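Notes for the one structure printed next.
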């Protein structure tokens, strides 16, 4: 699975780039991690990684909130985006039951790109969609990779620009009060 920090930082960055709102970006990041809470039930890549299951839970909430307050509706839509980003990212790291229970098979998009610059430059691109039957196995230990060095660098590159931008705006606002 992509590490937890990437499940946070990718929807965080995407939502901030669209809305410009740090609060919405943070919400998307938090919801991007929620599908991995299945580990607390000693199963990973469970129905919490299925788009039909996530939609079956989220759509009634969205319908209910649409009649109440547009702010809650927008927050719910952003949370849904964060949750849906999770199984999509997992597709590139291993078999994911993204279509369960509509399909009893889990896909894995195995993608690689290698570029070489030498006297004979080359570019190798390989993409395969592999399938295996969906079986929900209990995990033997609760735990997983929270962050790797590369994941930390990628997450910093995704999250620091919005955070610095908000800090600069806040600083300018405080200076304008003088």
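Quick note: the coordinates plus some simple rules give every number you see, no bench work behind them. It should be emphasised that the depicted structure is a prediction, and the values quoted were computed from it without experimental measurement. Counting neighbours? That spans all protein chains shown, and the Cβs are built from the backbone with ideal geometry, glycine included.
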- Item | Estimated 222 nm signal from helices in the chain, with DSSP H stretches of n ≥ 4 weighted -39500 (n - 2.57), rounded to 500 | -18000 deg cm²/dmol
- Note on the structure: region 66-147, Kirkwood Rh and Cα Rg, ratio Rg/Rh at 1.16
- Message: So the label point goes 7 Å from the Cα of residue 128 along Cα→C-beta, right? Which residues of region 86-116 then have their backbone N under 18 Å from it?
- Response: 91-96, 106-114
- Item | Relative contact order (%) - criterion: Cα under 8 Å, at least six apart; region: region 25-97 | 49
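Can you pull the percent of Cα pairs in the chain with separation above 21 Å?
Here the long-distance tail beyond 21 Å is 59 percent of all Cα pairs in the chain.
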- Note down the relative contact order for the chain as a percent, whole number, built from C-alpha pairs under 8 angstrom at least six residues apart. 27
- Note on the structure: Percent of all Cα-Cα pairs per 10 Å bin for region 39-105, counting from 0 up to the last occupied bin, reads 21, 44, 27, 8
- Potential extension, residue 160-residue 111 segment - 0.36 nm per residue separation minus Cα distance: 14.9 nm
